[in-house]
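If you scroll down you'll find the structure; I have some questions about it.
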Amino acid sequence: MDWISFIEFSLIGLFSGGLLALVALGFVLVYKGTRAINFAMGEFMMLGAYLVYTGHTWMGLPLWLAVLLGLLGISLIALGVERLVLRPLAGQPVVSVLMVTIGLGALMHGAVDAIWGGRNLEMPQILPRKPLLWGDILIPGPIFWSFWVALAVIAALSLYFRFSRTGIAMRAAASDPITAYALGIDVRRTQQLTWVFAGCVGAVAGTIVASISSLSPALSATALGVLAVVILGGLDSVLGVIIAGLVVGWLESIAVGYFGGKARDLVPYLVVLAILMIRPYGLLGTRDIERL
Amino acid sequence: MSAAPLLSVDDVHLRFGGIRALGGVSLAVAAGQITAVIGPNGAGKTSLFNAISGFYRPQQGRLVFEGRDISQVKPNVRAAMGLARTFQNVALFRGMTVLDNIKLGGHNRMRASVLQAMGYWGKSSREEMALREEIERDVIDFLEIDHIRNQSVASLPYGLQKRVELARALAMRPKVLMLDEPVAGMNREETEDMARFILDLQEERGMTILLIEHDMGMVMDISNHVAVLNFGQLIASGSPQEVRSHPDVIEAYLGAREGRAVNASQGR
């Protein structure tokens, strides 16, 4: 492979890493807020995309309104899940919560299959399709733009957590719920908000992924691939998953370039595995130190 | 004590399975006074604090704050009503700066709703400025922690961390300030600083303080009223002098009747 192709594959990989980081952020939000890994993340993505599809294609709404309604819908669903499924589990071991999210994912999967059917649907084009040409390098438009959308969402959330009062309260409640409670923070409210944010992040990512490829229940499997990103970045580090998203995106793309499409799923995981043997807590994750 | 107490604990029973943490404890916290709760390890002091802040729900008994029965009120609402506390182990948010930690104490007083607070403008931002000013004046200057405001709390020495935790509780503008072992693990100088801050709070601001402490010297020096717990029971209550010479207290601490007066610091 010549240098031009190498650069092209690298850029495509880095740009597609943005979406990986965005989905990973959905995992990190829930992990930080509740110490559980949300295995239904992929289903949130898928469901969000279906809601946008329904608003736009079935109800004939303009795209922006369909996206807005999709976010609203997924927020309500996230609130419902928090209220009906997760709150009754408060105080139970994290493993129980984790198992429940797996079940929840299966349920959502089945519901989507029942309502919309299992076939591939044509998602409306959300991002400009026009490819970018830089000399001999060609970057597909949707991949390029998806990167910036993902980055914008991540940046907005980071600023929110850093500077807004509710954001700071959410961080406080995530790091020490008891103390947050004693300070008058409504920890239940912040946990609800955590699920809403994670749901919305998933819906945005799902909508973009579906518009780049196509919409089917199989979309939810994308999130499982992102788990490697999450683990590599460190479960509780936002910056970590951004870096890890870029790394894994780049690795996937380069693997495809050198070894063909089959290598796409293999090479990144091998590298992630190797890195984790050196840094088991991820690139930027919190290192748990047990003081004896 | 003629006026009704600001906070009263009324025959509170708290059991965990077969273990009785509190067996009918009653305690009155008078406004503007420093009330200390002492007792050997495992006597139920922290359980009592947790029952007052709402983390534990007593099976029996009532908690009355400003004349209102708060037994069924959630912890965050109790905090917003004016019951602020610190914890035995420093419970600061380690990833945040000193100022962010302190500002979280003012969180419960903010009027702006969640949606408004999501933004950073209008009413929400005006409140933010007012809170900033008040914290600067009444908390940061008062506790002499101006120089560390932008440092991460994790990098601070232990004594200062405890002081930041006190600062955060003060930012809640509490009606009752509950301190769980404010000087535990501190050296002599740090202990004296902390005792001075607590006394200043009472004398200059008329603050009502309820504290748990093992440092007998400090308790006897600054408290107006001392309550002694042992095995979940209140065994004595009164002025420091009365408590110091109470035979049951001496027995609880020294395990024998012919003990000396309990005025030395209790070693831990």
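The values are calculated or read from the model by the stated rules, or taken from the named source; none is laboratory data. The structure presented is a predicted model; accordingly, all values stated were derived computationally and were not measured. Glycine gets a Cβ as well: all are built from the backbone with ideal geometry, and neighbour counts include every protein chain shown.
Okay, residues lined up against (1) more than 14 Å from every other protein chain (Cβ to nearest Cβ); (2) in contact (Cβ under 8 Å) with a residue 60 or more places away in the chain; (3) surrounded by fewer than 16 Cβ atoms within 10 Å (Cβ to Cβ):
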| position | (1), (2), (3) |
| --- | --- |
| B:Ser26 | yes, yes, yes |
| B:Ala30 | yes, yes, no |
| B:Ala51 | no, no, no |
| B:Gln59 | yes, no, yes |
| B:Ala80 | no, no, no |
| B:Thr86 | no, yes, no |
| B:Val90 | no, yes, no |
| B:Val98 | no, yes, no |
| B:Ile102 | no, yes, no |
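Now a separate question. Residues that are more than 19 Å from the chain's Cα centre (by Cα) and either under 22 Å from A:Leu19 (Cβ atoms) or at pLDDT 90 or above (or both): list the helices (runs of 4 or more DSSP H) wholly contained in segment A:160-268 that include at least 1 such residues.
Here the list reads A:165-175, A:177-182, A:187-212, A:238-259.
Go through segment B:73-87 and give me each residue that's in a helix (DSSP H, G or I) and over 14 Å from A:Val187 (Cα atoms).
Within segment B:73-87, B:Met81 is the sole residue that qualifies.
Any residue at all in segment A:107-114 that is touching an Asp or Glu at 6+ places or on another chain (Cβ under 9 Å) and not in a helix (DSSP H, G or I)?
Checked segment A:107-114: no residue is touching an Asp or Glu at 6+ places or on another chain (Cβ under 9 Å) and not in a helix (DSSP H, G or I).
Does at least one position in segment A:111-127 carry a residue that is acidic (Asp, Glu) and closer than 24 Å to A:Trp195 by Cα?
Checking segment A:111-127: at least one residue is acidic (Asp, Glu) and closer than 24 Å to A:Trp195 by Cα.
A further question on this structure: Please work out which one of (1) away from every other protein chain (no Cβ under 13 Å); (2) on the phi > 0 side of the Ramachandran plot; (3) at pLDDT 90 or above is the condition B:Asn150 fails and give its number.
Result: B:Asn150 passes all but (2).
Same structure again: For segment B:1-23, which residues satisfy the criterion of being more than 21 Å from the chain's Cα centre (by Cα) and part of a strand (DSSP E or B)?
Passing the criteria: B:Arg15, B:Phe16, B:Ile19, B:Arg20, B:Gly23.
Another question about this same structure. Return only the number of the condition from (1) within 28 Å of B:Glu203 (Cα to Cα); (2) at pLDDT 90 or above; (3) at the interface with chain A (Cβ under 10 Å from one of its Cβ atoms) that B:Lys74 does not satisfy.
(1)
Continuing with the same structure: Output the residues belonging to segment B:168-191 that are basic (Lys, Arg) and within 21 Å of B:Ile148 (Cβ to Cβ).
Initial filter on segment B:168-191 (basic (Lys, Arg)): B:168, B:173, B:175, B:188.
Answer for segment B:168-191, where residues must be basic (Lys, Arg) and within 21 Å of B:Ile148 (Cβ to Cβ): just B:Arg168.
Just one of the numbered conditions (1) closer than 29 Å to A:Ser158 by Cα; (2) modelled with pLDDT under 95; (3) not aromatic (Phe, Trp, Tyr) is not true of A:Gly60; which one?
Just one mismatch for A:Gly60, condition (1).
So, in segment B:205-247, of the ones that are modelled with pLDDT of 90 or more and among the charged types (D, E, K, R), which residue ends up nearest to B:Arg20 (Cα to Cα)?
The selected residue is B:Glu213.
Among the residues in segment A:156-179, are any among the acidic types (Asp, Glu), within 11 Å of chain B (Cβ to nearest Cβ) and surrounded by 19 or more Cβ atoms within 10 Å (Cβ to Cβ)? Steps first, please.
Looking only at segment A:156-179, we keep the residues that are among the acidic types (Asp, Glu), and these are A:176.
Those still in the list that are within 11 Å of chain B (Cβ to nearest Cβ) too: A:176.
In the following step, the residues that additionally are surrounded by 19 or more Cβ atoms within 10 Å (Cβ to Cβ) were identified as none.
Checked segment A:156-179: no residue is among the acidic types (Asp, Glu), within 11 Å of chain B (Cβ to nearest Cβ) and surrounded by 19 or more Cβ atoms within 10 Å (Cβ to Cβ).
Within segment A:20-46, how many residues are at negative phi, surrounded by fewer than 24 Cβ atoms within 10 Å (Cβ to Cβ) and either modelled with pLDDT of 95 or more or not in a helix (DSSP H, G or I) (or both)?
Looking only at that region, the number is 3.
Another one. Check A:Leu235, A:Leu219, A:Leu193 and return the single one that is among the hydrophobic types (A, V, I, L, M, F, W, C) and either within 14 Å of another protein chain (Cβ to nearest Cβ) or touching an Asp or Glu at 6+ places or on another chain (Cβ under 8 Å) (or both).
On the way: A:Leu235 fails: either within 14 Å of another protein chain (Cβ to nearest Cβ) or touching an Asp or Glu at 6+ places or on another chain (Cβ under 8 Å) (or both); A:Leu219 fails: either within 14 Å of another protein chain (Cβ to nearest Cβ) or touching an Asp or Glu at 6+ places or on another chain (Cβ under 8 Å) (or both).
Exactly one of A:Leu235, A:Leu219, A:Leu193 is among the hydrophobic types (A, V, I, L, M, F, W, C) and either within 14 Å of another protein chain (Cβ to nearest Cβ) or touching an Asp or Glu at 6+ places or on another chain (Cβ under 8 Å) (or both), namely A:Leu193.
Assess whether A:Pro142 counts as being assigned to a loop (DSSP other than H, G, I, E, B) and either away from chain B (no Cβ under 14 Å) or modelled with pLDDT of 90 or more (or both). Walk me through it before giving the result.
Details: assigned to a loop (DSSP other than H, G, I, E, B): no; either away from chain B (no Cβ under 14 Å) or modelled with pLDDT of 90 or more (or both): yes.
No, not satisfied.
Just name the residue that is farthest from B:Leu179 (Cα to Cα) out of those in segment B:132-153 that are within 22 Å of the chain's Cα centre (by Cα) and not acidic (Asp, Glu).
Initial filter on segment B:132-153 (within 22 Å of the chain's Cα centre (by Cα)): B:134-145, B:153.
In the following step, the residues that additionally are not acidic (Asp, Glu) were identified as B:135, B:137, B:139-140, B:142-143, B:145, B:153.
On the way: B:Ile135: 19, B:Arg137: 22, B:Val139: 16, B:Ile140: 18, B:Phe142: 17, B:Leu143: 15, B:Ile145: 19, B:Val153: 19 Å.
Within segment B:132-153, the match that is farthest from B:Leu179 (Cα to Cα) is B:Arg137.
Which pairs do you get when a residue that is within 20 Å of A:Cys200 (Cα to Cα), found in segment A:81-98, comes within reach of a residue that is modelled with pLDDT of 90 or more and among the β-branched types (Val, Ile, Thr), reach meaning Cβ atoms under 7 angstrom, with the pair 6+ apart or on two chains?
Correct list of pairs: A:Val85/A:Val100.
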